[in-house]
Amino acid sequence: MDGKMSAPTQLQSAMEGLIEVFHSYSGKEGDKYKLSKAELKSLLQGELAGFLSASNDPLVVEKIMSDLDENKDGEVDFQEFVVLVAALTVACNEFFVDSIKSEEGKDGGSGCKTK
Ligand SMILES: [Ca+2]
Ligand SMILES: [Ca+2]
């Protein structure tokens, strides 16, 4: 701790963004610090629409919910949420690396776009 107010790094900004996104959805109803199923659904639709539409499964939200809800309290807390983000980030990275390998940076590998 040097007490200096330095500009956040890219990673710090990403982490803050993650926290802000989580709380902007988790605060809508019930427990302010947890996502209910409805909140999780609106987060997925609002922030990860490409990911949702890549799956034609109408029960995808239910499945994600039950996968994430480690402690089975029917809600997704931040710790459970980051597991999803981490898993998606890993998947995105694979996609990113693949696109670099196959196209040698043709479109810059703009990340997690679903086809
Ligand atoms: Ca909530
Ligand atoms: Ca939970």
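Derivation of every value follows stated rules applied to the coordinates shown; laboratory data play no part. Since we're looking at a predicted model, the values are computed, not measured. When we count neighbours, we look across all protein chains shown, and the Cβ atoms used for this are built from the backbone with ideal geometry, even at glycine.
For the reader, a short list of remarks on this structure follows.
- Take the Cα of Glu62, step 7 Å toward its Cβ, do the same at Lys28, and the gap between the two points is 2.0 nm.
- Each label point was placed 7 Å from the Cα along the Cα-to-Cβ direction; for Met15 and Val90 their separation is 2.0 nm.
- Rg followed by Dmax, in Å, when the chain is reduced to its Cα trace: 16.4, 50
- The value of relative contact order for the chain, using C-alpha pairs under 8 Å at least six residues apart, is 19 percent.
- A straight Cα-to-Cα reach below 17 Å connects Lys72 with the aspartates and glutamates Asp31, Glu39, Glu62, Glu80, residues fewer than 8 places away in its own chain not being considered.
- Subtracting the Cα-Cα distance of Glu103 and Met5 from 0.36 nm times their residue separation leaves 31.2 nm of extension gain.
- A helix-only calculation puts the chain at -19000 deg cm²/dmol for mean residue ellipticity at 222 nm, using -39500 (n - 2.57) for each DSSP H run of at least four residues, averaged over all residues.
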